[in-house]
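Since every read-out is calculated from the coordinates, none of them should be taken as a lab result. From a predicted model like this one, the values you see are computed outputs, not experimental measurements. Note: ideal-geometry Cβ built from the backbone for every residue, glycine included; neighbour counts use all protein chains shown.
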Amino acid sequence: MLAQLQSDILRLQGFKPAASGLGALSLGVIDEAFPNRTFPLAAVHELWAPAPEAVAASSGFMTGLMAALMRPRGVAVWISTKRTVFPPALKAFGIKPDRVLFVEVPREREALWAMEEALKSPALTAVVGELRDISFTASRRLQLAVEQSQVTGFIINRNVKPTTTACVSRWRITSLPSETPDALPGIGLPQWRVELLRIRNGRPGVWQVQWQKNRFVIATDQPPATSDQQPFQQAG
Amino acid sequence: MARFISIWFRYLATDWFSLLNPEYKKMPFVLRQPSHGRMIVSAVNAAAVRSGISCGMALADARALLPDLHVLDDEPDKIQRVLYKLAEWCMRFTPWVALDPPDGLFLDATGCAHLWGGEEKYVQEMTKKLTARGYTVRVAMADTPGAAWAVAHYGKNPGVVPAGGHMEALLPLPPEALRLEPQVVERLHKLGLHHIKQFIHLPRAALRKRFGVGFLQQLDKAVGQELEPLQSIQPMEPYHERLPCLEPIVTATGIEIALKQLLEMLCLRLQQGQKGVRAAVFKGHRVDGKVEQISIATSRASHQVSHLFKLFEIKLATIEPALGIELFVLEAPKVEPHLPQQEKMWEAGGGLDDVRLAELVDRLSNKIGERIYRYLPDEHHWPERSFREATSLQEEAMTEWRTDVHRPLHVLPVPERIEVTAPIPDYPPLLFRHKGRVHTIVKADGPERIEQEWWLQQGQHRDYYRVEDDEGNRYWLFRLGHYHDETFQWFLHGYFS
């Protein structure tokens, strides 16, 4: 009864239940944090990445999510002022690199315009924008664009101090030391500390996530706090 | 039945100078040009002609006739550009305009006159508009360009020569009207042949013998027995629509409506021919004679009015109507076959074949330029060459993407120099410094040696290491050259996730 009411409220607020074809994206424990227990599609997510290392970690987690969305024949657009993505590397995260269109805009201003245009196009599955900053008004425009087209948008925000945005969520992904089986030397599978700092109608949280052969593996035990990060605070 | 118009700008050069400075209109003035070490008169205005000055006269003689004659330097190149501009302006009367240097134009008016309510009105309108622009013109219309030229230059009352009546119109004209060489004209006059009717019926063999083949050719061109090759200043586009306006359009809404109407007309024609636009140009002919234009290109043939309109819409604001636009033209210089089965994929949706994706690409590239890339694998080991740009949205990969090697998700556009501490040869470094920050390396993999592809580029090999620092960040480093060479350098090339 209560659950029914809750989902009704969410639907009225614009959160549609997951469409049948896109149910493939399941994040296990993390799903608990989302409204309706499903990753919000047709919304704009913000990934806060103030350093190049953080951009790489965020892109890794994000492309893992996108890979699930883009199966089997989705197309994504990646907008930036200068492409830094190494296309062949996308394959390791389950995306066929030739199904991504890279748009290089001459200035930051055009990046927002291009992102809005791309988000309006129902032919796409996901749109990524690497931005230096985004204002509340601009993010609101993007959110309105996706509500029509059902495209999922991701913003990699490289601002050191991000402002409030109308995005549905704010994530912060940082690299964790990789683990190799049996403590063998060398570098193991990518591992991240995934912080969900803000989520509309959900509960923020923090998890330790590993990327293993085209799927996420979420560590069930308490994530370790690494030396450089402030202790985790319950946001929202 | 073909109909041609010849426009003769009686005083083209002097009229143009008078437009720049209206004072010259009243006073007699001439343009001068050096010729064989002396100055000769190269152009005169009406007032100077009345005083007995003519073209080709020595400037000193002209000054003797009229001591207060005003003289300016001639600019023949500029005048030719003026003539070209006038030809472009005349495109509003017919899509086919040819230059007739130095001071005339030919218009192919076949099938155009009824739009102006008859040939008389058509020619009158042309004369009126050109006179209003400040040019003295003589306009004549006839069945052949030659006859029209003759009547415009030497006819008593230039105007419309009725269809089939050009022979009669030619008869009373002097031989100069046939555009003959001066020596031939001189010889004709010496023989007492002052009118065309006096020699047109003479035996052709005798005429050829006395005046040459060129003379007969000119005669045949005027009469219409030989076709005159003329080159239009702008080749006609097969897909081309025009929309003349009764009142000049100045508002943005007006321009939008005009564009929509033209697009509907064009797309209907394209649809019937199973064609689609790849490039299109929208032109607005302004009242002041300038032409404003915007162009678009599409990544695949399209005849969707709404899509093409959206592409133009972004640039529509750059059209400056000034005093108003009186003629809109839409041209499709590049069309391609557009078959109905392509339309079906639109229904299916999704994937790279989706029409809506192509439309998005068009919208983006029309605003920001050709900056949308799609990459395909290329069989090269050198990282920068391991992928290449795809030529189209549909191009398929010839080979598989490689997954057996580890590559970082983000790379630096140009590898950046770093300082490292690497005490043991061919072992990964212990720490490195990049942009003033020291990273202590905890874990590492490598080296992966990548040799230069000597058939493409010379240079040293790279030894790549994947390293992880104490904070868990993963980097892609390489050493250029051998450890023992002493000239080796270390670089940071990318960031792993």
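As a calculated quantity, the FRET efficiency between B:Lys129 and B:Leu66 at R0 = 35 Å, using C-beta atoms, amounts to about 0.60. Placing a pseudo-label 7 Å from each Cα along the Cα-to-Cβ vector at B:Gln183 and B:Ala397 gives an inter-label distance of 7.6 nm. Can you classify chain A as rounded, prolate or oblate using the Cα gyration tensor, where a ≥ b ≥ c are the square roots of its eigenvalues, rounded means a/c under 1.5, and otherwise it's prolate if a/b beats b/c and oblate if not? Rounded, because the longest to shortest axis ratio a/c is under 1.5.
Over chain B, dividing the summed -39,500 (n - 2.57) contributions of all DSSP H runs of at least 4 residues by the number of residues returns a 222 nm mean residue ellipticity of -9000 deg cm²/dmol.
For the stretch A:110-140 and the stretch B:369-385, compute the distance between their C-alpha centroids and round to whole Å. When both Cα centres are located, 24 Å separates them. With a Förster radius of 45 Å applied to the C-beta separation of B:Lys310 and B:Thr421, the computed FRET efficiency comes to 0.20.
At full extension, A:Arg140 and A:Ala219 could sit 25.0 nm farther apart than now, given 0.36 nm per residue minus the alpha carbon distance. Between B:Lys209 and B:Glu379, the distance separating the two model label sites (each 7 Å from Cα on the Cα→Cβ line) works out to 8.0 nm.
Computed over all pairs of different Cα atoms, the Kirkwood value for the hydrodynamic radius of the stretch B:240-341 is 13.7 Å. Computed from the alpha carbon positions, the gyration tensor of chain B leads to an equivalent ellipsoid with semi-axes of 70, 31, 24 Å, biggest first. Legend: mean number of C-beta atoms from other chains within 10 angstrom of residue C-beta atoms, peptide A:50-56, equals 6. The stretch between B:His114 and B:Ala317 holds 69.6 nm of extra length on full extension. This uses 0.36 nm per residue minus the Cα-Cα distance. With a 10 Å cut-off around each Cβ of A:191-199, the average count of Cβ atoms from other chains is 1. Each residue, B:Glu389 and B:His201, gets one label point 7 Å from its Cα in the Cβ direction; the gap between the two is 7.3 nm.
Remark: mean inter-chain Cβ contacts per residue of B:384-391 equal 2, using a 10 Å Cβ-Cβ cutoff to other protein chain atoms. Between B:Ala58 and B:Tyr84, the FRET efficiency estimated from the beta carbon spacing at R0 = 35 angstrom works out to 0.70.
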